[in-house]
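The block underneath contains the structure these notes are about, expressed in structure tokens.
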Amino acid sequence: MTDSEGDTLTIQSHSVESTVQLGEKIGRICRPGDVIALIGELGAGKTQFIRGLVGGLNGDPRQVSSPTFIMMCEYEADVRVVHIDAYRISGLSDLESIGYGDELLGKSIAAIEWADLIARDLPVDHLAVEIQHGENEARCITLIPRGPWQARLVQFDFKSDLRAGGVKSEPCRKCGQPASTSGAHFPFCSERCRLADLNSWFEGENKISRPMTEDDLYGGEQLH
């Protein structure tokens, strides 16, 4: 469900997969130099949104993880994505110390978590994505476009059901049901299946089919 008021769009996401899919939709209309400012409490779904963003740019969403301890990660895609965690950043000088600047951003897309903490240092033209907790996995996601983003969002269709289509999937390794390749639990369809598979290893139901070799451990490169 999507509501709009002026230039702001509010979208109800009913699952992690829906949040990921919204990120994919945004990724498809991103351009080099764009800044995506993500705002939301711990566990709201900011990183899941960025997984979708990378997937929408034909990158591998499984490379995405929270950059909290190193502040910035870079992901290869049709357009490189620079993922910044601003939680421990105090201002522009800290951003510049990790390489944030015109040269880096001009050819990349910057996705910044906790962007409200460095609001005064964000460029005027950016897309703000505010994510608020709902019941269970539900989220209320508000898109606030600035500059060219206003025209881009007007032309883009967010009214379709976020849960229908557009999500690449493979069979869950545990139950065989579709598992979103951008989902939080991939290659499983849910946390339940992930834990069930882990338990199968503990109990000896899952086994390696052949003895391990140096090629398995070192990718064919022997240590000297």
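We did not get these values from a lab; they are worked out from the coordinates using the rules stated. This one's a predicted model, so the numbers in the text were calculated from it and none came from an experiment. Using ideal geometry, Cβ is built from the backbone for each residue, glycine included, and neighbour counts are taken over all protein chains shown.
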* Theoretical FRET efficiency, 1/(1+(r/R0)^6), r = Cβ-Cβ of residue 150 and residue 203, R0 45 Å, to 0.05 -> 0.20
* Inter-label distance for residue 132 and residue 88, nm, one decimal - labels placed 7 Å from Cα along Cα-to-Cβ -> 3.0
